[in-house]
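The values are calculated or read from the model by the stated rules, or taken from the named source; none is laboratory data. None of these values were measured; they are calculated from a predicted model. Here the Cβ positions follow ideal geometry from the backbone for every residue, glycine too, while neighbour counts run over all protein chains shown.
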Amino acid sequence: MVKNMLATEEYKIEFRKELKKFEYFMQIKADLIAKGISVKNRIAEGSAFNTKQIHLYQHHVATHSSPIPEDIILYPENEVIPKTVISKLRFNPDSEWYLDYEKGYKLRNDKKREEYSVTPTSPTNFDNQFIQNSPLSSIVQKLGIDVAGVIISNYCFYFKTKKECRFCEIYQTHKSHKTFTKATKPTKEIIDGLELAFQLDSNLKYILLNSGNIISYDQTVLEFIKIAQGIKELKENRNIDLIGILMPPENFSLMDEMKQAGFDKVYFDIEVFDPSLFQIIAPGKAEYGYKRMLSALEYAREIFGKGSSYSSFIYGLQSLPMDLNTSTWDPQIENQKALEAVDGLLDRGIVPLYCVYHYSGHNQIGPLILDAEALFEFSVQYGEKVYTSGVIPRSRDSVVYSSTSVTNTLLNDGYNLAKLKNLCLA
């Protein structure tokens, strides 16, 4: 539809104008992700929103007393650009950007003299619903607009052997900001929770299952399979995309069983692409084996199909020295190393994803001051590389989920920008 409309010169002018706005709000999103946001207490006067979850998603060691929305829509889709820029919020009392409420929500930056009307994503009522006396929100979290996320276990056996990933905060933040009483959620409560969440929210289209390692790699996969089998009817009735983030099994044939159980896509996250740095930052995963993880991803590519085998790395950590000293971190070197990771995964037919490093006082690497401009530049180049590689089927709207889903990174935004620019040049 958009392509047909581009046939008129008038529409081409309007399209390019909107494309510049889309790109600028991507830059603001990069700023918010890299530097966080502060808040004015009066935002509580506004309408209801899903409040910020500290566990896993904090930006700063400081805590906040005022409620903060989980996500805000910076650029809503429209007739010209049918894509959305939506950003996760992380609290940072020192950020130049702050959220205010004055006849609507305002994103402000006094230093830049900028102000934008923004909209928090529509709230769920998960806090008011219960599964076995536990709030639904402690079992299922809404991510962005259309993803139901479940962390099966906040514990990982790497912690027992002191070989946890050096950036990981999953267990410590669970202990300090516990929302569910046990580290590992019972399978039945997860299944019941997902069924209730989809009854309550018609926008949900995806289920993301994530977990620390439970007992063994194969046992973790078997837990994922049990849940998939338990929601089979729900998945079929609502045409849900089911995604799993976990370590690959020892027995690769369990991936075939995941596919048979209903999984559509898998992530096996390599975290750091350089093999030597991987050994230091992810010592538990290193025992499984760097080359073996790549082999598992290639096996998954054949089982789940084109564009359905993913591996994520952490932007910010790719260029660290072997002593993990962050004081000499250089954003341009980081971009170079991160793009090498993108190319290396694409060469294997694996879809590269990235998340952005953050520190809230609970990991072994410590604070790292990111450069928002460099993050934006990387995201644009990332999107162009992934789009032109053809690893994502052209029928898909985004790299993973939808453009309204992945709010804590710019991977879908960069991909959509490349797609829109390509359309503009066609």
Inset, instruction - Identify all residues within segment 214-242 that are touching a residue at least 60 places away in the same chain (Cβ under 8 Å) and either in a loop (DSSP other than H, G, I, E, B) or surrounded by fewer than 22 Cβ atoms within 10 Å (Cβ to Cβ) (or both); write none if there are none. - result: Ile214, Tyr217, Glu223, Asp241
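Of the residues Ile231, Ile240, Ile215, Ile245, which is among the aliphatic types (A, V, I, L, M) and within 16 Å of the chain's Cα centre (by Cα)? Steps first, answer last, please.
Numbers: Ile231 fails: within 16 Å of the chain's Cα centre (by Cα); Ile240 fails: within 16 Å of the chain's Cα centre (by Cα); Ile215 fails: within 16 Å of the chain's Cα centre (by Cα).
Result: Ile245 is the single residue among Ile231, Ile240, Ile215, Ile245 that is among the aliphatic types (A, V, I, L, M) and within 16 Å of the chain's Cα centre (by Cα).
When you scan segment 45-121 for strands (runs of 3 or more DSSP E) that lie fully inside it, which ones turn up with 2 or more residues that are aromatic (Phe, Trp, Tyr) and either at pLDDT 90 or above or loosely packed, with under 14 Cβ neighbours inside 10 Å (or both)?
97-101
I need the full set of residues from segment 126-169 which are part of a strand (DSSP E or B) and in contact (Cβ under 8 Å) with a residue 24 or more places away in the chain, in order please. Don't jump to the end; show me each part of the working.
To start, the set of residues in segment 126-169 that are part of a strand (DSSP E or B) comprises 130-131, 134-135, 141-143, 147-151, 153.
Passing the criteria: Ile131, Ser134, Pro135, Gln141, Lys142, Leu143, Val147, Ala148, Gly149, Val150, Ile151, Ser153.
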Legend entry - Criterion (of a type in the set (Asp, Glu), modelled with pLDDT of 90 or more and more than 14 Å from Gln141 (Cβ to Cβ)) met by exactly one of Asp218, Asp201: Asp218
Inset, instruction - Check whether at least one residue in segment 245-262 is of a type in the set (Val, Ile, Thr) and in contact with a helix residue (DSSP H, G or I) (Cβ under 9 Å, 6 or more places away or on another chain), and report yes or no. - result: no
Legend entry - Residue within segment 255-271 that is touching a residue at least 12 places away in the same chain (Cβ under 8 Å), farther than 25 Å from Pro393 by Cα and surrounded by 18 or more Cβ atoms within 10 Å (Cβ to Cβ) present: no
